[in-house]
Amino acid sequence: MSFDLGSLGQSNREFLARRAGGEGLLIGSAWRSAAGGATFATLDPATGIETGRIAAAGAADVSDAVDAARAALPGWRATLPVDRARVLWAIADILEREIDALAELETLDQGKPLFIGRWAEIPGAINQFRFFAGQAMAIEGNSIESSIGYQPAGKQMRSWTVREAVGVVAAIVPWNSPLVLTAMKLAPALAAGCTVVLKPAEDTSLTALRLGELLLEAGLPAGVVNVVTGTGAETGAALAAHPGVDKIAFTGSTATGRAVLDAAKTNFKRVTLELGGKSPSIVMPDADLSLAIPGVANAIFFNAGQVCIAGSRLYVHRSIHDEVVEGVAAYAKAMKLGHGLSPDSQMGPLVSQRQAERVEGFLIRAKGEGATLLTGGERFGDAGTFVSPTVVVDVKPGMEIVEEEVFGPVVVAQAFDDAEEVVAAANDSQYGLAASVWTESLSTAHRMAGDIRAGTVWINCHAMYDAALPIGGVRQSGWGRDSGKQALDNYLEWKTICAVV
Ligand code: NAD
């Protein structure tokens, strides 16, 4: 697969020349290299070619970024809600202006087909800023009638609550959908009056750097958002442990979520965690298969399965099991793999060699435990990190491939006989991020949506998300919700005021 950086649009060629030489830490309004000058390579996962050098921030750089965020906090917190809203709306307008270039940059960095960034993720990021521009002007407390007996003669007691920005937020995000997941943290944090230090994933730092430039262009004051790039073990850990951080807004794996929680203990940082999933897609016997087969296939193969809410466990009623599973396998076989910047690519590479090897490791072990790959599981192309879309059968509960998040284009299919059995199987998971139910029966849909323990249940669709819809999980899929007006609460403290008047 051949690809040449010279074929990128002019805007991205200029951006890479300007920002991808290792001077990409945004601290205050200044761009600089890491204090020790350390950098690491960022690669195009489809070809393995180096696309730039990224600054590897150390503890001293992280401290500088936290200091900049803390210095900017009083001013930003005191900014009128309408002025915060104005900046958030301006960010959305600028992202919209840059949408084609941002989609191209995300594909270059992460590998996904261009259409995903252009039509789903970047519009999703833009909507986050627009939605929370409105929320910035809708922050309110309560007036509370108390039963406090203390009433000095001729006086009355009044009590009320106000909402105040939590403070400095560490936003730590993964590599699968970088811009929209970043926007899910930044937009509510900024709306609430918080300042932020953003730490993108090491495999996908480029759009975070471009976003940093665009935030300044939109009029965000210096230091309100700072960007530190680097590894999780060094940069992420230093940020999560920093005493100047008041809150960690984390999206990533459940294992890293645990490390972040440990780091937060030092000064009791507020923590929200959007973690892993092993979400079931459930096809009932009365499902419309013309919707359900492509729907459940897309639920897992979209973005090569690198989606926290991917439908990675497929449960099909025994009466239609073979038809559906063969239909999903046929869908997988027909998918066109290729460089994300090729217009006809339907699936790109995995984000890195490490991730491709991780997925292959799951498949080798699954076969060792008796599973069969109905299709897929092979490397594709002579370079890059492509793994073909994979349907796994002959599995049973307890097998690693059924229990653990693979985070790749791998679905495990199992048959069931009745609704009660499949709800129990769906709920029998360490995770509880999402689920979908495919049925034409209104009452089946409602009852199963009620009985499944997950943060989101979709009916006859999967992975539909929107800035207005809260998303997050139960059990080990995390704490709290991103998106929706509930997300604003993550960035606000309650203050109670009690007065004798
Ligand atoms: P990861 O946990 O390895 O990394 C996430 C981020 O944490 C990265 O920026 C990384 O550098 C940083 N990090 C790593 N170690 C750290 C540490 N000790 N302290 C602080 N930061 C550290 O996750 P990933 O592999 O980048 O992403 C895939 C995971 O993200 C999957 O499990 C997926 O389900 C999850 N995810 C969840 C959601 C959701 O909304 N629930 C959304 C997208 C992805």
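Please state which of the following conditions L442 fails to meet, knowing it meets all the rest: (1) among the hydrophobic types (A, V, I, L, M, F, W, C); (2) closer than 22 Å to A463 by Cα; (3) open to solvent by less than 50 Å² (accessible area, probe 1.4 Å).
With respect to (1) among the hydrophobic types (A, V, I, L, M, F, W, C); (2) closer than 22 Å to A463 by Cα; (3) open to solvent by less than 50 Å² (accessible area, probe 1.4 Å), L442 is out only on (3).
Every residue in segment 52-80 that is touching a residue at least 60 places away in the same chain (Cβ under 8 Å), over 13 Å from P221 (Cα atoms) and open to solvent by less than 80 Å² (accessible area, probe 1.4 Å), please.
Listed by number, the residues that qualify are G52, I54, A55, A56, A57, G58, A59, D61, V62, S63, A65, V66.
Does segment 268-298 hold any residues that are small (G, A, S), more than 15 Å from the ligand (Cβ to nearest atom) and open to solvent by less than 10 Å² (accessible area, probe 1.4 Å), and which are they?
Selection gives S281, A292, A297.
Look at G167 and say whether it is modelled with pLDDT under 95 and of a type in the set (G, A, S).
So G167 does not fit the description; no.
Quick one: in segment 199-220, of everything that is in a loop (DSSP other than H, G, I, E, B) and not aliphatic (A, V, I, L, M), which residue is nearest to V169 (Cα to Cα)?
Among residues in segment 199-220 that are in a loop (DSSP other than H, G, I, E, B) and not aliphatic (A, V, I, L, M), the one nearest to V169 (Cα to Cα) is P200.
Applying the selection to segment 301-334, what residues are of a type in the set (A, V, I, L, M), touching a His at 6+ places or on another chain (Cβ under 9 Å) and within 16 Å of the ligand (Cβ to nearest atom)?
Of everything in segment 301-334, those that are of a type in the set (A, V, I, L, M), touching a His at 6+ places or on another chain (Cβ under 9 Å) and within 16 Å of the ligand (Cβ to nearest atom) turn out to be I309, A310.
Report, ordered by the first and then the second residue, all pairs with beta carbons closer than 6 Å, sequence separation of six or more or different chains, a first member in segment 461-479 that is under 25 Å from D288 (Cα atoms) and within 12 Å of the ligand (Cβ to nearest atom), and a second member that is among the hydroxyl-bearing types (S, T, Y) and in a loop (DSSP other than H, G, I, E, B).
none
How do the pairs read when you match residues in segment 218-234 that are under 30 Å from A78 (Cβ atoms) with residues anywhere that are of a type in the set (D, E, K, R) and open to solvent by less than 40 Å² (accessible area, probe 1.4 Å), using Cβ under 7 Å and keeping only pairs 6 or more apart or on different chains?
What qualifies is V228/D61; V228/K199.
Can you report the number of residues in segment 221-233 which are within 14 Å of the ligand (Cβ to nearest atom), assigned to a loop (DSSP other than H, G, I, E, B) and of a type outside the set (S, T, N, Q)?
2
Write out, first by first residue and then by second, each pair whose Cβ atoms fall under 6 Å of each other, whose residues are 6+ apart or on separate chains, and whose first residue, in segment 253-281, is within 21 Å of L488 (Cα to Cα) and of a type in the set (D, E) while the second is near the ligand (Cβ under 7 Å from one of its atoms) and at pLDDT 95 or above.
Pairs found: E274/T251; E274/G472; E274/G478; E274/D482.
Spot the failing condition for L209; the list is (1) away from the ligand (no atom under 16 Å from the Cβ); (2) in contact with a Lys or Arg (Cβ under 8 Å, 6 or more places away or on another chain), and only one is missed.
It fails just one condition, (1).
Mind listing whichever residues of segment 180-194 are in contact with a Leu (Cβ under 9 Å, 6 or more places away or on another chain) and within 12 Å of the ligand (Cβ to nearest atom)?
T182, K185
Need pairs with beta-carbon distance below 7 Å; first residue at positive phi and within segment 389-407, second part of a loop (DSSP other than H, G, I, E, B); sequence gap 6+ or separate chains.
D394/G370; D394/A371; F407/Q306
Select from segment 234-267 the residues that are open to solvent by 40 Å² or more (accessible area, probe 1.4 Å), in a loop (DSSP other than H, G, I, E, B) and more than 8 Å from the ligand (Cβ to nearest atom) and write down the one among them that is farthest from G36 (Cα to Cα).
D246
Between residues in segment 352-363 that are more than 12 Å from the ligand (Cβ to nearest atom) and residues that are open to solvent by 50 Å² or more (accessible area, probe 1.4 Å) and not in a helix (DSSP H, G or I), which pairs lie under 9 Å by C-beta distance while being six or more apart or on different chains?
Pairs that qualify, where the first residue is more than 12 Å from the ligand (Cβ to nearest atom) and the partner is open to solvent by 50 Å² or more (accessible area, probe 1.4 Å) and not in a helix (DSSP H, G or I), are Q353/L43; A356/R379; E360/R379; F362/E404.
With the requirement that a residue be outside any strand (DSSP E or B) and within 17 Å of L215 (Cβ to Cβ), what does segment 11-34 give you?
Scanning segment 11-34 gives S11, F15, R18, R19, G24, G28, S29.
Among the numbered criteria (1) open to solvent by 50 Å² or more (accessible area, probe 1.4 Å); (2) touching a residue at least 40 places away in the same chain (Cβ under 8 Å); (3) under 25 Å from the mean Cα position of the chain (by Cα), which one does A454 miss?
Result: A454 passes all but (1).
So which residues in segment 397-423 are more than 16 Å from the ligand (Cβ to nearest atom), open to solvent by 10 Å² or more (accessible area, probe 1.4 Å) and in contact with a Pro (Cβ under 9 Å, 6 or more places away or on another chain)?
The answer is Q414, and nothing else.
List pairs: first residue in segment 12-36 and surrounded by fewer than 15 Cβ atoms within 10 Å (Cβ to Cβ), second residue of a type in the set (S, T, N, Q) anywhere in the structure, Cβ distance under 9 angstrom, at least six positions apart or on different chains.
Partner pairs satisfying both residue conditions: G21/S33; G21/T39.
Considering only segment 401-501, give the helices (runs of 4 or more DSSP H) lying wholly within it that have at least 2 residues that are more than 30 Å from G167 (Cβ to Cβ) and touching a helix residue (DSSP H, G or I) at 6+ places or on another chain (Cβ under 7 Å). Can you show your working first?
Numbers: elements: 419-427, 442-451, 486-489.
Passing ranges, in order: 419-427, 442-451.
Select from segment 108-134 the residues that are polar (S, T, N, Q) and under 23 Å from D489 (Cβ atoms) and list them in ascending order.
Listed by number, the residues that qualify are N127, Q128.
Looking at segment 110-130, is at least one residue free of Cβ contacts under 8 Å to residues at least 40 places away in the same chain, surrounded by fewer than 22 Cβ atoms within 10 Å (Cβ to Cβ) and over 15 Å from V180 (Cα atoms)?
no
The values are calculated or read from the model by the stated rules, or taken from the named source; none is laboratory data. All values reported here derive from a predicted model rather than from experimental measurement. Neighbour counts run over all protein chains shown; Cβ positions are idealised from the backbone, glycine included. What goes into the accessible areas is simple: the full protein's heavy atoms, side chains included, and nothing from ligands, DNA or RNA. Shrake-Rupley method; radii C 1.70, N 1.55, O 1.52, S 1.80 Å.
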